[in-house]
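The structure under discussion appears below in the form of C-alpha coordinates.
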Amino acid sequence: MSIRERLSGNEAIATAMRQINPDVVAAFPITPSTEIPQYFSSYVANGKVDSVFVPVESEHSAMSATIGASAAGARAMTATSSCGLAYMWEMLYVAASDRLPLALALVNRALSGPININCDHSDAMGARDAGWIQLFSENNQEAYDNMVMAFRISEHPDVRLPIMVCQDGFIISHGVENIELLEDDVVKNFVGEYRPEHYLLNASEPLAIGPYANPPYVMEAKRANLQALENSKKVMLDVAADFERISGRKYSFFESYRMEDADYAMVIMGSAAGTGKDAVDALRSMGIRAGLIKVRMFRPFPASQIAEALKNVKVVACMDRTESFNTVTGPLGADVRCALYDADIHAKFVNYVYGLGGRDVTVASLTSVYEDMMKIAADGTVGQTYRYLSLKG
(Lines give C-alpha, C1' and ligand atoms only; values in the text may rest on other atoms or scores of the structure.)
Protein backbone atom coordinates (compact mmCIF):
# COMPACT_ATOMS: atom_id res chain seq x y z
CA MET A 1 0.00 0.00 0.00
CA SER A 2 1.30 3.46 -0.88
CA ILE A 3 1.54 6.10 1.84
CA ARG A 4 -0.09 9.45 1.11
CA GLU A 5 1.92 12.41 2.38
CA ARG A 6 2.43 16.12 1.86
CA LEU A 7 6.13 16.81 1.44
CA SER A 8 8.47 19.34 -0.08
CA GLY A 9 10.90 18.13 -2.69
CA ASN A 10 13.76 18.26 -0.19
CA GLU A 11 11.74 16.22 2.30
CA ALA A 12 10.87 13.75 -0.45
CA ILE A 13 14.53 13.25 -1.34
CA ALA A 14 15.53 12.92 2.32
CA THR A 15 12.73 10.38 2.83
CA ALA A 16 14.00 8.33 -0.10
CA MET A 17 17.50 8.49 1.37
CA ARG A 18 16.18 7.27 4.74
CA GLN A 19 14.44 4.35 3.05
CA ILE A 20 17.58 3.51 1.04
CA ASN A 21 19.64 3.68 4.28
CA PRO A 22 23.02 4.36 2.64
CA ASP A 23 26.25 3.53 4.43
CA VAL A 24 27.69 7.05 4.24
CA VAL A 25 26.30 10.53 3.61
CA ALA A 26 28.72 13.46 3.48
CA ALA A 27 27.44 17.00 3.01
CA PHE A 28 28.03 20.71 3.39
CA PRO A 29 25.01 23.07 3.47
CA ILE A 30 24.15 25.37 0.59
CA THR A 31 20.82 26.94 -0.35
CA PRO A 32 18.41 25.50 -1.50
CA SER A 33 19.66 21.93 -0.85
CA THR A 34 20.54 22.50 2.83
CA GLU A 35 17.37 20.84 4.09
CA ILE A 36 18.28 17.47 2.56
CA PRO A 37 21.31 16.76 4.80
CA GLN A 38 19.54 18.61 7.62
CA TYR A 39 16.61 16.18 7.54
CA PHE A 40 18.91 13.23 7.01
CA SER A 41 21.21 14.12 9.91
CA SER A 42 18.14 14.06 12.17
CA TYR A 43 17.39 10.53 10.94
CA VAL A 44 20.94 9.56 11.88
CA ALA A 45 20.68 11.22 15.30
CA ASN A 46 17.32 9.54 15.99
CA GLY A 47 18.55 6.09 14.97
CA LYS A 48 16.22 5.79 11.96
CA VAL A 49 19.15 4.85 9.70
CA ASP A 50 22.45 3.05 10.15
CA SER A 51 24.31 5.61 8.06
CA VAL A 52 27.48 7.43 9.00
CA PHE A 53 26.91 11.18 8.50
CA VAL A 54 30.06 13.14 7.70
CA PRO A 55 29.79 16.94 8.15
CA VAL A 56 32.61 18.51 6.15
CA GLU A 57 33.96 22.02 5.66
CA SER A 58 33.18 22.44 1.94
CA GLU A 59 31.40 20.93 -1.02
CA HIS A 60 34.71 19.81 -2.50
CA SER A 61 35.29 17.82 0.66
CA ALA A 62 31.71 16.50 0.57
CA MET A 63 32.29 14.94 -2.84
CA SER A 64 35.78 13.81 -1.85
CA ALA A 65 34.42 12.02 1.22
CA THR A 66 31.62 10.48 -0.82
CA ILE A 67 34.15 9.28 -3.39
CA GLY A 68 36.36 7.83 -0.66
CA ALA A 69 33.45 6.01 0.93
CA SER A 70 32.28 4.63 -2.41
CA ALA A 71 35.79 3.51 -3.33
CA ALA A 72 36.03 1.74 0.02
CA GLY A 73 32.92 -0.28 -0.85
CA ALA A 74 30.16 1.74 0.80
CA ARG A 75 26.88 2.93 -0.69
CA ALA A 76 27.43 6.70 -0.49
CA MET A 77 25.45 9.87 -1.19
CA THR A 78 25.59 13.65 -0.95
CA ALA A 79 23.56 16.73 -1.93
CA THR A 80 24.35 20.22 -3.16
CA SER A 81 23.32 23.18 -5.33
CA SER A 82 24.79 25.83 -7.59
CA CYS A 83 28.25 27.00 -6.53
CA GLY A 84 28.48 23.93 -4.30
CA LEU A 85 28.42 21.76 -7.42
CA ALA A 86 30.93 24.08 -9.06
CA TYR A 87 33.22 23.67 -6.03
CA MET A 88 32.98 19.90 -6.57
CA TRP A 89 33.92 20.22 -10.24
CA GLU A 90 37.29 18.49 -10.05
CA MET A 91 35.86 15.61 -8.06
CA LEU A 92 32.86 15.07 -10.34
CA TYR A 93 35.23 13.92 -13.07
CA VAL A 94 37.13 11.76 -10.58
CA ALA A 95 33.91 10.02 -9.48
CA ALA A 96 32.93 9.19 -13.05
CA SER A 97 36.38 8.15 -14.27
CA ASP A 98 36.80 5.91 -11.21
CA ARG A 99 33.42 4.31 -12.05
CA LEU A 100 31.97 4.88 -8.59
CA PRO A 101 28.18 4.39 -8.33
CA LEU A 102 27.51 7.13 -5.80
CA ALA A 103 24.45 9.40 -5.85
CA LEU A 104 24.08 13.18 -5.70
CA ALA A 105 20.85 15.04 -5.04
CA LEU A 106 21.23 18.28 -7.00
CA VAL A 107 18.81 21.08 -6.21
CA ASN A 108 19.16 23.27 -9.29
CA ARG A 109 20.11 26.89 -8.65
CA ALA A 110 21.72 29.60 -10.73
CA LEU A 111 25.48 29.92 -10.75
CA SER A 112 26.93 33.32 -9.85
CA GLY A 113 27.18 35.92 -11.12
CA PRO A 114 25.32 38.00 -10.58
CA ILE A 115 24.68 36.41 -7.17
CA ASN A 116 21.33 34.67 -7.25
CA ILE A 117 19.84 31.87 -5.12
CA ASN A 118 16.92 30.98 -7.39
CA CYS A 119 16.31 28.26 -9.94
CA ASP A 120 17.89 27.65 -13.27
CA HIS A 121 19.83 24.71 -14.68
CA SER A 122 23.26 26.28 -15.09
CA ASP A 123 24.77 24.09 -12.36
CA ALA A 124 23.67 20.77 -13.86
CA MET A 125 24.37 21.88 -17.42
CA GLY A 126 27.91 22.85 -16.50
CA ALA A 127 28.45 19.29 -15.26
CA ARG A 128 26.82 17.57 -18.22
CA ASP A 129 30.16 16.46 -19.69
CA ALA A 130 31.56 14.98 -16.48
CA GLY A 131 30.45 11.44 -17.32
CA TRP A 132 27.55 11.21 -14.84
CA ILE A 133 24.01 9.97 -15.38
CA GLN A 134 21.59 12.90 -14.99
CA LEU A 135 17.88 12.54 -14.21
CA PHE A 136 15.58 15.58 -14.07
CA SER A 137 12.34 15.80 -12.06
CA GLU A 138 9.16 17.67 -12.92
CA ASN A 139 7.70 17.61 -9.40
CA ASN A 140 8.13 16.26 -5.87
CA GLN A 141 6.82 12.83 -6.79
CA GLU A 142 9.35 12.43 -9.58
CA ALA A 143 12.17 13.65 -7.35
CA TYR A 144 11.31 10.93 -4.83
CA ASP A 145 10.84 8.25 -7.48
CA ASN A 146 14.07 9.15 -9.28
CA MET A 147 16.04 8.90 -6.05
CA VAL A 148 14.51 5.52 -5.21
CA MET A 149 15.58 4.24 -8.64
CA ALA A 150 18.99 5.91 -8.66
CA PHE A 151 21.17 3.22 -7.09
CA ARG A 152 19.52 0.40 -9.03
CA ILE A 153 20.71 2.18 -12.18
CA SER A 154 24.14 3.35 -11.06
CA GLU A 155 25.21 0.14 -9.29
CA HIS A 156 24.31 -2.18 -12.16
CA PRO A 157 27.39 -4.17 -13.28
CA ASP A 158 27.03 -2.84 -16.83
CA VAL A 159 27.00 0.75 -15.60
CA ARG A 160 28.85 1.53 -12.34
CA LEU A 161 28.67 5.29 -12.72
CA PRO A 162 27.68 8.16 -10.43
CA ILE A 163 24.14 9.47 -10.79
CA MET A 164 22.72 12.97 -10.32
CA VAL A 165 19.04 13.40 -9.40
CA CYS A 166 18.00 16.97 -10.23
CA GLN A 167 15.08 19.03 -8.96
CA ASP A 168 14.35 22.74 -9.41
CA GLY A 169 15.42 24.89 -6.49
CA PHE A 170 12.61 26.39 -4.37
CA ILE A 171 9.99 25.48 -6.98
CA ILE A 172 10.24 21.78 -6.14
CA SER A 173 12.66 21.72 -3.23
CA HIS A 174 10.56 23.97 -0.97
CA GLY A 175 7.13 23.61 -2.57
CA VAL A 176 4.87 21.21 -0.67
CA GLU A 177 2.78 18.79 -2.74
CA ASN A 178 0.73 15.66 -2.22
CA ILE A 179 2.96 12.65 -2.79
CA GLU A 180 2.68 8.87 -2.66
CA LEU A 181 5.51 7.16 -0.80
CA LEU A 182 6.35 3.51 -0.99
CA GLU A 183 6.53 1.55 2.24
CA ASP A 184 9.98 1.29 3.80
CA ASP A 185 10.34 -2.43 3.28
CA VAL A 186 9.24 -2.14 -0.35
CA VAL A 187 11.99 0.40 -1.04
CA LYS A 188 14.53 -1.69 0.86
CA ASN A 189 13.72 -4.76 -1.20
CA PHE A 190 13.63 -2.79 -4.45
CA VAL A 191 17.02 -1.14 -3.93
CA GLY A 192 18.61 -4.26 -2.47
CA GLU A 193 21.95 -4.73 -0.78
CA TYR A 194 25.03 -3.20 -2.34
CA ARG A 195 27.67 -5.80 -3.16
CA PRO A 196 30.62 -4.07 -4.87
CA GLU A 197 32.86 -6.29 -6.96
CA HIS A 198 36.07 -4.31 -6.41
CA TYR A 199 36.70 -2.03 -3.42
CA LEU A 200 39.59 -0.74 -1.36
CA LEU A 201 38.68 -2.49 1.89
CA ASN A 202 38.73 -5.93 0.28
CA ALA A 203 41.87 -7.35 1.87
CA SER A 204 41.97 -10.26 -0.57
CA GLU A 205 42.25 -7.99 -3.60
CA PRO A 206 44.76 -5.14 -3.23
CA LEU A 207 44.08 -2.44 -5.82
CA ALA A 208 44.50 1.23 -6.58
CA ILE A 209 41.57 3.49 -7.49
CA GLY A 210 42.22 6.64 -9.47
CA PRO A 211 45.88 6.05 -10.40
CA TYR A 212 47.83 8.23 -12.75
CA ALA A 213 47.20 7.30 -16.39
CA ASN A 214 49.77 7.78 -19.13
CA PRO A 215 48.67 8.70 -22.67
CA PRO A 216 48.27 5.06 -23.81
CA TYR A 217 45.39 4.54 -21.37
CA VAL A 218 43.37 7.75 -21.02
CA MET A 219 41.31 7.48 -24.21
CA GLU A 220 40.38 3.88 -23.45
CA ALA A 221 39.20 4.91 -19.99
CA LYS A 222 36.99 7.64 -21.46
CA ARG A 223 35.62 5.24 -24.06
CA ALA A 224 34.73 2.79 -21.30
CA ASN A 225 32.95 5.60 -19.43
CA LEU A 226 30.99 6.37 -22.60
CA GLN A 227 30.04 2.72 -23.07
CA ALA A 228 28.81 2.55 -19.49
CA LEU A 229 26.62 5.60 -20.13
CA GLU A 230 25.24 3.93 -23.24
CA ASN A 231 24.56 0.78 -21.20
CA SER A 232 22.68 2.83 -18.62
CA LYS A 233 19.88 3.51 -21.12
CA LYS A 234 18.70 -0.09 -21.16
CA VAL A 235 19.33 -0.47 -17.44
CA MET A 236 17.24 2.61 -16.70
CA LEU A 237 14.34 1.21 -18.73
CA ASP A 238 14.57 -2.13 -16.94
CA VAL A 239 14.67 -0.45 -13.53
CA ALA A 240 11.73 1.78 -14.50
CA ALA A 241 9.73 -1.30 -15.49
CA ASP A 242 10.43 -2.89 -12.11
CA PHE A 243 9.52 0.36 -10.39
CA GLU A 244 6.21 0.53 -12.26
CA ARG A 245 5.31 -2.88 -10.91
CA ILE A 246 5.65 -1.73 -7.29
CA SER A 247 4.35 1.83 -7.67
CA GLY A 248 2.06 1.99 -10.70
CA ARG A 249 4.06 4.96 -11.98
CA LYS A 250 5.64 4.69 -15.43
CA TYR A 251 8.95 6.31 -16.42
CA SER A 252 11.14 6.35 -19.50
CA PHE A 253 13.75 8.59 -21.15
CA PHE A 254 11.15 11.31 -21.49
CA GLU A 255 7.41 11.86 -21.31
CA SER A 256 5.47 12.54 -24.50
CA TYR A 257 2.48 14.76 -23.75
CA ARG A 258 -0.23 14.96 -26.43
CA MET A 259 2.35 14.25 -29.12
CA GLU A 260 0.34 11.70 -31.11
CA ASP A 261 -0.61 14.23 -33.82
CA ALA A 262 1.28 17.34 -32.74
CA ASP A 263 2.32 19.94 -35.30
CA TYR A 264 4.12 22.10 -32.72
CA ALA A 265 6.33 20.51 -30.07
CA MET A 266 8.12 21.99 -27.08
CA VAL A 267 11.08 20.13 -25.55
CA ILE A 268 11.66 21.08 -21.93
CA MET A 269 13.03 19.78 -18.60
CA GLY A 270 12.16 20.23 -14.94
CA SER A 271 9.26 21.93 -13.19
CA ALA A 272 8.33 24.19 -16.13
CA ALA A 273 7.12 21.08 -17.98
CA GLY A 274 3.97 21.18 -15.87
CA THR A 275 3.35 24.76 -16.92
CA GLY A 276 3.96 23.74 -20.52
CA LYS A 277 1.35 20.99 -20.24
CA ASP A 278 -1.22 23.56 -19.12
CA ALA A 279 -0.34 25.66 -22.17
CA VAL A 280 -0.73 22.59 -24.42
CA ASP A 281 -4.14 21.79 -22.93
CA ALA A 282 -5.34 25.35 -23.48
CA LEU A 283 -4.16 25.32 -27.09
CA ARG A 284 -5.70 21.89 -27.73
CA SER A 285 -9.05 23.23 -26.51
CA MET A 286 -8.81 25.75 -29.36
CA GLY A 287 -8.07 23.05 -31.93
CA ILE A 288 -4.32 23.76 -32.12
CA ARG A 289 -2.26 20.59 -32.31
CA ALA A 290 0.34 21.38 -29.65
CA GLY A 291 2.47 18.80 -27.87
CA LEU A 292 5.31 18.60 -25.38
CA ILE A 293 8.27 16.37 -24.62
CA LYS A 294 9.58 16.47 -21.08
CA VAL A 295 13.13 15.14 -20.94
CA ARG A 296 13.82 13.07 -17.82
CA MET A 297 17.14 11.43 -18.70
CA PHE A 298 19.43 14.16 -19.99
CA ARG A 299 22.68 12.19 -19.67
CA PRO A 300 23.09 9.97 -21.51
CA PHE A 301 20.98 11.80 -24.05
CA PRO A 302 18.30 9.63 -25.75
CA ALA A 303 18.90 11.11 -29.19
CA SER A 304 17.32 8.50 -31.45
CA GLN A 305 14.23 8.20 -29.25
CA ILE A 306 13.77 11.99 -29.16
CA ALA A 307 14.11 12.16 -32.94
CA GLU A 308 11.52 9.43 -33.39
CA ALA A 309 9.08 11.31 -31.16
CA LEU A 310 9.57 14.51 -33.19
CA LYS A 311 9.62 13.05 -36.70
CA ASN A 312 6.17 14.29 -37.73
CA VAL A 313 6.07 17.78 -36.20
CA LYS A 314 6.31 20.97 -38.22
CA VAL A 315 8.17 23.13 -35.68
CA VAL A 316 10.25 22.26 -32.59
CA ALA A 317 11.02 24.71 -29.77
CA CYS A 318 13.74 23.69 -27.31
CA MET A 319 13.70 25.37 -23.90
CA ASP A 320 17.03 25.89 -22.10
CA ARG A 321 17.01 27.11 -18.51
CA THR A 322 20.65 28.07 -18.83
CA GLU A 323 22.97 30.12 -21.03
CA SER A 324 25.90 28.30 -22.59
CA PHE A 325 27.30 31.41 -24.33
CA ASN A 326 28.00 29.79 -27.64
CA THR A 327 25.54 32.28 -29.25
CA VAL A 328 23.93 29.49 -31.30
CA THR A 329 22.03 27.09 -29.02
CA GLY A 330 21.67 26.03 -25.41
CA PRO A 331 22.74 22.55 -24.21
CA LEU A 332 19.33 20.93 -24.65
CA GLY A 333 18.84 22.72 -27.96
CA ALA A 334 22.18 21.50 -29.25
CA ASP A 335 21.44 17.89 -28.37
CA VAL A 336 17.95 17.94 -29.88
CA ARG A 337 19.18 19.66 -33.01
CA CYS A 338 21.91 17.03 -33.45
CA ALA A 339 19.34 14.27 -32.93
CA LEU A 340 17.10 15.72 -35.64
CA TYR A 341 20.01 16.18 -38.03
CA ASP A 342 21.28 12.63 -37.56
CA ALA A 343 17.77 11.28 -38.20
CA ASP A 344 17.42 13.45 -41.33
CA ILE A 345 14.38 15.22 -39.86
CA HIS A 346 13.81 18.69 -41.26
CA ALA A 347 11.35 20.27 -38.84
CA LYS A 348 11.81 24.00 -38.31
CA PHE A 349 13.76 24.61 -35.10
CA VAL A 350 13.94 27.44 -32.58
CA ASN A 351 15.74 27.56 -29.22
CA TYR A 352 14.71 29.67 -26.20
CA VAL A 353 16.59 30.66 -23.08
CA TYR A 354 14.07 31.05 -20.28
CA GLY A 355 13.67 31.20 -16.51
CA LEU A 356 17.22 32.26 -15.66
CA GLY A 357 17.79 33.17 -12.02
CA GLY A 358 14.22 32.27 -11.13
CA ARG A 359 12.47 34.41 -13.77
CA ASP A 360 8.77 33.46 -13.69
CA VAL A 361 7.64 30.85 -16.21
CA THR A 362 3.92 31.22 -16.84
CA VAL A 363 1.32 29.56 -19.03
CA ALA A 364 1.12 32.82 -20.97
CA SER A 365 4.88 32.95 -21.58
CA LEU A 366 5.04 29.35 -22.80
CA THR A 367 1.89 29.85 -24.89
CA SER A 368 3.74 32.65 -26.67
CA VAL A 369 6.37 30.08 -27.71
CA TYR A 370 3.67 28.01 -29.41
CA GLU A 371 2.33 31.17 -31.07
CA ASP A 372 5.83 31.80 -32.41
CA MET A 373 5.96 28.24 -33.74
CA MET A 374 2.64 28.73 -35.52
CA LYS A 375 3.98 31.87 -37.19
CA ILE A 376 7.09 29.99 -38.29
CA ALA A 377 4.97 27.22 -39.79
CA ALA A 378 2.71 29.73 -41.54
CA ASP A 379 5.40 31.70 -43.36
CA GLY A 380 8.19 29.08 -43.44
CA THR A 381 10.75 31.50 -41.99
CA VAL A 382 12.38 30.91 -38.61
CA GLY A 383 14.24 34.19 -38.28
CA GLN A 384 16.32 34.35 -35.11
CA THR A 385 16.80 30.74 -34.02
CA TYR A 386 18.27 31.54 -30.58
CA ARG A 387 15.97 33.71 -28.48
CA TYR A 388 15.34 34.87 -24.94
CA LEU A 389 11.84 34.41 -23.48
CA SER A 390 10.25 37.05 -21.22
CA LEU A 391 13.21 39.43 -21.54
CA LYS A 392 12.50 42.94 -20.26
CA GLY A 393 12.79 45.89 -22.59
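With a bin width of 5 angstrom, please list the P(r) values of region 201-264 as percents of all Cα-Cα pairs, from the 0 bin to the one holding the largest distance.
It works out to 4, 12, 11, 11, 12, 14, 11, 10, 7, 4, 3, 1, 0, in whole percents.
Provide the percentage of antiparallel DSSP beta bridges, counting only those with both residues in the chain; round to the nearest 5. Could the numbers behind the result be given before it?
Values: 12 of 50 bridges.
Percentage antiparallel, nearest 5: 25.
So which trypsin sites (Lys or Arg not before Pro) in region 1-58 are both in a DSSP loop and have at most 14 other Cβ atoms within 10 Å of their Cβ?
Numbers: sites: Arg4, Arg6, Arg18, Lys48; in loops: Lys48.
Filter output for region 1-58: Lys48.
If you average the C-alpha positions of region 27-48 and of region 236-258 separately, how far apart do those two centres end up, in angstrom?
About 29 Å separates the Cα centre of region 27-48 from the one of region 236-258.
Taking loop as defined by DSSP and a crowding limit of 14 other beta carbons within 10 Å, which GluC sites (Glu not before Pro) in region 69-176 fit?
Values: sites: Glu90, Glu138, Glu142, Glu155; in loops: Glu138, Glu155.
Passing both the DSSP loop test and the Cβ count: no residue.
At 0.36 nm per residue, minus the direct Cα-Cα distance, what do Gln384 and Asn214 gain on full extension? Give it in nm, one decimal, please. Don't skip to the answer; put the middle values down first.
Working: separation 170, 0.36 × 170 = 61.20 nm, distance 4.56 nm.
Stretched fully, the Gln384-Asn214 segment lengthens by 56.6 nm.
Any idea of the accessible area per residue across the chain, 1.4 Å probe, to the nearest Å²? Numbers along the way, then the final one.
Values: 16640 Å² over 393 residues.
Per-residue value: 42 Å².
Let's see if you can work this out: charge +1 on each Lys and Arg Cβ, -1 on each Asp and Glu Cβ, no other charges. What is the dipole magnitude of region 94-147 about its Cα centre, in debye to the nearest 20? Display every interim value, and only then the final one.
Values: 3 positive and 7 negative charges, 33 e Å.
The calculation lands at about 160 debye.
Might you report the magnitude of the Cβ-based charge dipole of region 141-190 about its Cα centre, with Lys and Arg at +1 and Asp and Glu at -1, to the nearest 20 debye? Could you put the intermediate results ahead of the total?
Details: 3 positive and 10 negative charges, 54 e Å.
Charge dipole of region 141-190: 260 debye, to the nearest 20.
Add +1 for every Lys or Arg and -1 for every Asp or Glu among the other residues with Cβ under 13 Å from the Cβ of Asp281, and state the total. Mind showing how you got there, number by number?
Values: positive: Arg258, Lys277, Arg284, Arg289; negative: Asp278.
Taking every Cβ under 13 Å from that of Asp281, the sum is +3.
Within region 160-233, which GluC sites (Glu not before Pro) sit in a loop by DSSP and count at most 13 neighbouring Cβ atoms inside 10 Å? Walk me through the numbers before you get to the answer.
On the way: sites: Glu177, Glu180, Glu183, Glu193, Glu197, Glu220, Glu230; in loops: Glu183, Glu193, Glu197.
Taking region 160-233 and a limit of 13 other Cβ atoms within 10 Å, the loop GluC sites (Glu not before Pro) found are Glu183, Glu193, Glu197.
Give the span of region 244-363's Cα atoms along each principal axis, as three whole-Å numbers ordered largest to smallest.
Sorted from largest, the Cα extents of region 244-363 read 40, 36, 34 Å.
Please give the Cα centre distance for region 122-187 versus region 281-296, rounded to the nearest Å.
Region 122-187 and region 281-296 have Cα centres separated by 26 Å.
Can you give me the angle between helix 272-284 and the longest principal axis of the chain, using Cα atoms only, in degrees from 0 to 90, rounded to the nearest 10?
Relative to the chain, helix 272-284 is tipped by roughly 30 degrees.
Given the options Gly333, Ala282, Val315, identify the residue whose Cα lies farthest towards the positive end of the charge dipole of region 239-393 (+1 on Cβ of Lys, Arg; -1 on Cβ of Asp, Glu).
Ala282
I'd like the carbon and sulfur percentage of the solvent accessible area for the chain, probe radius 1.4 Å, heavy atoms only, ligands and nucleic acids excluded.
Working: 8690 of 16640 Å².
Whole-percent figure for carbon plus sulfur exposure: 52.
What is the total of Lys pairs in region 286-393 with C-alpha atoms under 25 Å apart, excluding same-chain pairs fewer than 8 positions apart?
Taking region 286-393 as the scope, the lysine pair count is 10.
Mind jotting down the distance between the C-alpha centroids of region 355-393 and region 188-233, whole Å?
That distance is 43 Å.
From the helices alone, meaning DSSP H stretches of at least four residues, give me the mean residue ellipticity at 222 nm for the chain, per-run term -39500 (n - 2.57), in deg cm²/dmol to the nearest 500.
Details: 13 runs with 163 residues, N = 393.
Computed mean residue ellipticity for the chain: -13000 deg cm²/dmol.
Could I get the Rg over Rh figure for the chain? Both from C-alpha atoms, Rh via Kirkwood, rounded to two places. Please report the intermediate quantities before stating the final value.
Working: Rg = 20.8 Å, Rh = 21.4 Å.
For the chain, the value is 0.97.
So if I place +1 on the C-beta of Lys and Arg and -1 on the C-beta of Asp and Glu, and nothing else carries charge, what would the dipole magnitude of region 227-271 be about its Cα centre? I want it in debye, nearest 20. Intermediate results must be reported in sequence, preceding the final value.
On the way: 6 positive and 8 negative charges, 43 e Å.
Charge dipole, region 227-271, about its Cα centre: 200 debye, nearest 20.
Return the sequence-ordered ³J(HN,Hα) values of region 296-309 in whole Hz as given by the Karplus equation 6.51 cos²θ - 1.76 cosθ + 1.60 applied to θ = phi - 60°, using x for Gly and Pro.
Listing the rounded values in order: 9, 9, 8, 10, x, 7, x, 4, 5, 5, 4, 4, 4, 5 Hz.
Mind listing P(r) for region 1-54? All alpha-carbon pairs, 10 Å bins, whole percents.
25, 55, 19, 1
How far apart, in nm, are two points set 7 Å out from the Cα along the Cα-to-Cβ line at Arg245 and at Glu57?
Result: 4.9 nm between the two label points.
The values are calculated or read from the model by the stated rules, or taken from the named source; none is laboratory data. Values in this document were obtained by computation on a predicted structure and should not be read as measured data. All Cβ positions, even for glycine, are placed from backbone atoms using ideal geometry, and neighbour counts span all protein chains on display. Protein only, heavy atoms only, side chains kept; ligands, DNA and RNA dropped before computing areas. Shrake-Rupley method; radii C 1.70, N 1.55, O 1.52, S 1.80 Å.
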